[in-house]
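Presented below is the structure to which this report refers.
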Amino acid sequence: MGKIYILDVTNRDGVQTANLGLSKLEKTMLNIYLNEMGVFQSEFGFPTTKHETNYLMANLELAEMGVLQPIRLEGWIRATAADVETAFMRVPKLKHLNVSISTSEQMIQGKFLGRKAKDDITQMMVEAVDAARSHGTESIGVNAEDASRTDLEYLIKFASQAKLHGADRLRYCDTLGYDNPFTIYETVNALAKEVPMPIELHCHSDLGMAVANSIAGAKAAIDAGQDAYINTTVNGIGERAGNADLVATVLAITKSKGLSDKYHLGRPIDLSKAWKIAKFASYAFGVPIPINQPGVGANAFAHASGIHADGVLKDPQNYELYSYAELGRGEPEFVETGSQICAGQYSGISGFRHIMGQMEVEFKDAAEAEKILELVRYANVASQTPLVEDELLFIANYPDIARKLLTLAPLSQPSSS
Ligand SMILES: [Zn+2]
């Protein structure tokens, strides 16, 4: 029986959201936290985008060093042979790719304005897959953008060509959040039966159903004998109304009625890291966690009414489906209300040594402390918010990697292509 794998896309869909963004260090921290949680794959960025190059290379280096293991790091590009070539020119050590192209009549007419027909779309995708294969890509996902508005007959043809040319998965993109659990089940089940290959579910929340649709789509793929890969983002941050929230999706798979006993994760997720990753993403994006967010919202375990409070005091299971401790909550959090020394872009050595000393980090000499401080200053320029402890520790532990993450040098790179 097929399994469900979590493929997080915060570092691609999340960061391309209007009004939001992350520094390269923050993206790296998310990859580290996702890896700690047991997430199967992180869609870690855009290999054809110049300012991503150093970040992507540095993260692949962390993978080689064993720091980002066993998580798979996969890059997202458009499905053209030219983009594949650019991706491997910039990031030669890429191992996993998703190539994306619009498949719906609406998009083909509305974006390509009659210059492309369905056969051209299939051809572009096939050429991209062939090019990716020729570079020895270990896994290739093919994304059917706007799959939920694509006629099934064409979707089947598109998927079968992807499979024929060696794609490992088809990403069913409900790009506009148009599906509901009933329609996505029907379509994905038919697709996976016609073209036996693993299916990725990429769902958006424009109608508030991203998690429900992801679960229904995953069930459909597994019922058809295939593995399912659900695309999530931390705190559901993504284009417009967002994507399937990572924590809510894992809770739904592992706790919901009639599902948790039959459909299983291919790699266990350590939910005790949920609180930490949700808090970090909220801080890094500058977006508060909604009070009613499943699992990690301030009210997720709060009870006020007489009947509920009395019930929880007698037995939490009366009104709580899962415990706060499972999500890594319940530890007291230290909030400084007195004098505070922060690391910033204009910090000096004395304050910095004080901060690092509180975390029991000692430097071998003044030169080393100054070197790390310089990196911390640059990291603050990029994030414009004080770094969290884990970021400071990361820079102290991996200064060479940090330097690469912080290097953005548009003028020193080739201006062509
Ligand atoms: Zn998306």
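No lab work stands behind these numbers, since they all come straight from the coordinates. Being a predicted model, the structure only gives us computed values, none of them experimental. No Cβ is skipped: glycine too gets one built from the backbone with ideal geometry, and neighbour counts run over all protein chains shown.
Odds and ends about this structure:
- The packing ranking, built from the mean of other Cβ atoms within 10 Å per residue, places the peptides 142-148, 163-169, 307-313, 266-272 in the order 142-148, 163-169, 266-272, 307-313, highest first.
- Label-point separation, Leu20 to Asp120 (7 Å along Cα→Cβ), nm: 3.4 nm
- Theoretical ellipticity at 222 nm over the chain - DSSP helices of four or more residues, -39500 (n - 2.57) apiece, nearest 500: -13000 deg cm²/dmol
- The mean of 1/r over all pairs of different alpha-carbon atoms in the chain, once inverted, gives a Kirkwood hydrodynamic radius of 22.7 Å.
- Across all directions, the average projected area of the convex hull around the alpha carbons of the range 259-417 is 16.0 nm².
- Modelled spin labels at Glu138 and Lys95, positioned 7 Å past Cα toward Cβ, are 0.2 nm from each other.
- Over the range 125-241: Kirkwood hydrodynamic radius from C-alpha pairwise inverse distances, Å: 14.1 Å
- Kirkwood hydrodynamic radius computed over the range 327-417 comes to 14.8 Å, based on all pairs of distinct alpha carbons.
- Only one residue of Tyr55, Ala18, Ala128 has its Cα farthest out toward the positive end of the dipole of the range 4-285, where Lys and Arg carry +1 and Asp and Glu -1 on Cβ, and that residue is Tyr55.
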